[in-house]
Amino acid sequence: MSPQELKIVLQSGLLSFPLTDFDAQLQFAPKPFAERLEWLQPYGASALFAAGGTGEFFSLEPKEYSDVVKVALDTCRGRTPIIAGAGGGTTLAIQYAQEAERLGAQGVLLLPHYLTEASQEGLINHVTAVCQSVKIGVIVYNRGACRLTPQSLLVLAEKNPNLIGFKDGFGDIEKFVAIRQTLGERFAYLGGLPTAELFAGAYKAMGCPVYSSAVFNFIPKTAMDFYNAHASGDTATCDRLIRDFFLPYIALRNQGEGYAVSIVKAGATVIGHSAGPVRPPLSDLKASEVEQLRALMAPLGPQ
């Protein structure tokens with residue numbers, strides 16, 4: 001898949017990032033991971049991000065990363081494009097991106113480098129180095145320590161034809177509108193705030209109709225119902241799901257640091273598709289919180 005073909009894929013449909021399965025000893029569990037991907041296939045996500053943020057990318061060591069991406073590609077080949085996460089310092093991010101390309105991934109999601117702040121010049125050099133190390137399409141995730149300006153993105157767009165996507169995780173309306181108006185149709189734009197459904201309407205109004213859904217991992221039917229309502233302008237359905245599920249879900253998620261990932265793994269367990277525990281430094285939901293989530297999910301019915 002060429003970068004431009006990937007860009008077209010990213011401009012419609014629901015995106016998601018599957019959980020990474022760990023066993024009780026916190027080791028990667030390839031068979032359950034493949035079974036998870038098979039379970040999610042019929043629901044029709046347009047692309048999946050393997051070893052992404054919700055896939056606990058930053059807890060994986062390089063060999064595990066290769067295994068996760070390979071299982072995803074082997075399982076979904078010919079059916080769903082796989083975009084592999086890559087991140088860390090520039091040298092390491094290049095290694096991950098090149099490994100994703102070697103394995104046959106259709107694209108790379110360049111996650112923030114984390115921890116240290118960086119100048120715009122440094123971020124431009126970082127993103128450019130990763131883009132120029134591969135031929136496949138790259139999506140940059142504007143979040144955490146990576147906060148690119150419209151002017152920096154113009155430079156990056158000129159330097160890197162395979163930089164085809166911009167995923168926003170800040171929710172800064174002024175900045176996003178400036179980026180969207182400055183870059184126009186040069187990028188595919190993706191909503192990337194945690195529990196993106198809550199922000200989907202606002203992002204659509206800003207020219208970003210596509211987002212990646214975490215809840216697709218455990219309520220895929222509801223996630224698709226929400227996306228289809230969002231895409232068709234069915235605000236009544238969107239409002240009902242936001243009121244009855246997403247707002248209380250977010251309140252539960254906000255009870256613990258790092259719960260944006262942990263609550264998704266808890267939901268998968270509740271629905272009968274456990275992905276095992278999260279890895280430190282993340283922590284699992286408490287038993288009482290899992291029961292709150294179970295009660296919240298019950299009215300949604302079978303998935």
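Below is a table of values for the structure above.
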| read-out | value |
| --- | --- |
| Spatially proximal aspartates and glutamates relative to residue 63 (Cα-Cα < 13 Å; intrachain offsets below 8 disregarded) | 99 |
| Most mobile of 215, 140, 155 in a GNM of the chain (Cα contacts under 10 Å) | 155 |
| Candidate lysines - alpha carbon under 16 Å from residue 265, same-chain residues fewer than 8 apart omitted | 286 |
| Accessible surface of region 1-75 [probe 1.4 Å, protein heavy atoms]: carbon and sulfur percent | 60 percent |
| Hits among lysines - C-alpha to C-alpha of residue 175 under 17 Å, sequence gap 8 or more where chains match | 167, 204 |
| Cα gyration tensor, region 1-137 - rounded (a/c under 1.5), prolate or oblate | oblate |
| Ranked by how many other beta carbons lie within 10 Å on average, peptides 9-17, 104-112 from highest | 104-112, 9-17 |
| Rounded, prolate or oblate (a/c below 1.5 giving rounded, otherwise prolate when a/b exceeds b/c) for region 123-233 by Cα gyration tensor | prolate |
| Computed [θ] at 222 nm, deg cm²/dmol, the chain (DSSP H ≥ 4; -39,500 (n - 2.57); rounded to nearest 500) | -13500 deg cm²/dmol |
| Average accessible area per residue (Å²) across the chain - probe 1.4 Å, nucleic acids and ligands excluded | 41 Å² |
| Accessible surface of region 108-250, 1.4 Å probe, proportion on carbon and sulfur as whole % | 56 percent |
| Area of residue 224 that stays accessible when all protein chains are in place (1.4 Å probe, Å², to 10) | 30 Å² |
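The values are calculated or read from the model by the stated rules, or taken from the named source; none is laboratory data. Predicted model only: the values in this text are computed from it and were never measured. Cβ atoms come from the backbone with ideal geometry, glycine included; neighbour counts cover every protein chain shown. All accessible areas refer to the heavy atoms of the entire protein, side chains included, with ligands and DNA or RNA removed. Shrake-Rupley method; radii C 1.70, N 1.55, O 1.52, S 1.80 Å.
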